[in-house]
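For reference, the structure is listed below as structure tokens.
The values are calculated or read from the model by the stated rules, or taken from the named source; none is laboratory data. Because the structure is predicted, anything quoted here is derived from the model rather than measured. We place every Cβ from the backbone using ideal geometry, glycine too, and count neighbours over all the protein chains shown.
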Amino acid sequence: SEEPNEVFFTDSSPNEVAFCLANKNNTPAMDRDDGSKVVLVKNAYGGVSLAFTIWPDGEGSRVEYRRAFGTIGASWKQCVGA
């Protein structure tokens with residue numbers, strides 16, 4: 001429900017981006033009824049640190065990145081071309 005901290009555009013499909021984010025963070029990607037995919041990255045205490053919403057955008061994807069709190073590794077940037 002919060003505005004994204006950053007928005008990325010990539011030539012990769014939503015499925016590819018979601019798989020990459022989920023794989024790097026050992027967390028599942030969730031399909032939503034509106035056609036988007038969501039990947040939540042949790043911290044050691046079980047709270048959400050990062051949230052990614054992946055939308056189809058032409059032949060690629062639009063990725064909305066929301067940071068809840070704390071810092072976490074940046075390996076996710078490889079998935080969105082940042």
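Quick notes on this one:
- Flag if Phe19 is of a type outside the set (Asp, Glu), farther than 12 Å from Arg67 by Cα and free of Cβ contacts under 8 Å to residues at least 24 places away in the same chain: yes
- Check on Ala82, closer than 18 Å to Val17 by Cα and modelled with pLDDT under 85: yes
- Residue list for the range 15-54, restricted to those being in a strand (DSSP E or B), surrounded by fewer than 16 Cβ atoms within 10 Å (Cβ to Cβ) and either in contact with a helix residue (DSSP H, G or I) (Cβ under 7 Å, 6 or more places away or on another chain) or at pLDDT 95 or above (or both): Met30, Asp31
- Residues that are in contact with a Lys or Arg (Cβ under 7 Å, 6 or more places away or on another chain) and aromatic (Phe, Trp, Tyr) within the range 1-38 comprise just one, Phe9.
- The range 1-14, residues that are among the hydrophobic types (A, V, I, L, M, F, W, C) and either without any contact (Cβ under 8 Å) to a residue 24 or more places away in the chain or surrounded by fewer than 17 Cβ atoms within 10 Å (Cβ to Cβ) (or both): Val7, Phe9
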